[in-house]
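The values are calculated or read from the model by the stated rules, or taken from the named source; none is laboratory data. Please read these numbers as outputs of a predicted model, since none were measured by experiment. Quick reminder, even Gly has a Cβ in these numbers, built from the backbone with ideal geometry, and neighbours come from all protein chains shown.
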Amino acid sequence: MSEKSAKVKISPAQASLAALFVAQKLAAANDADLVAFIAAQPALAENLAMRDNAAELAHDITNAEQGFDTLLDLLADSFTPAQADTTYLLFADFIARYGRVSPEEMRFLERLGAALKIDRLTRAAFDRAAQARAADLSDAND
């Protein structure tokens, strides 16, 4: 069997959901947060039913030896450049909203961006935009 025919191919929606499952695990967010986040995303709302399959796929891959590298390769093969940008931004938004912005989260964001071939300047802009969307503007003196 050739290497090309041995590759797994998943849809862009499944790949985005798998990436968000990893974000959920890194952020230690609960299932309700992930479901609400997915449902609020126009790019993914219609694909909520795929969430369990994508979560299972991401879980199986990331628990294997070289799992994160394998998942990153799978994601890279699943997107057009515009879809890659969207997925990276969704991942960054989820981490900014539910994560701790830990070194592990930031390292995976860096690796995800590199795998998806998103240049550093664009990634920095996406990261800053995600932080701005997650910022709390309430008055601390209330």
Which is modelled with pLDDT of 85 or more, in a helix (DSSP H, G or I) and closer than 17 Å to Leu20 by Cβ, of Leu48, Leu109, Leu57, Leu121? Leu109
Within the set of pairs 6 or more residues apart or between chains, which connect a residue that is surrounded by 20 or more Cβ atoms within 10 Å (Cβ to Cβ) inside the range 99-119 to a residue that is among the basic types (Lys, Arg) with Cβ atoms less than 8 Å apart? Leu109/Arg123; Gly113/Arg120; Gly113/Arg123
Every pair of residues 6+ apart whose Cβ atoms lie under 8 Å, when the first sits in the range 7-36 and is without any contact (Cβ under 8 Å) to a residue 12 or more places away in the chain and within 22 Å of Ala82 (Cβ to Cβ) while the second is part of a helix (DSSP H, G or I) and of a type in the set (Val, Ile, Thr): none
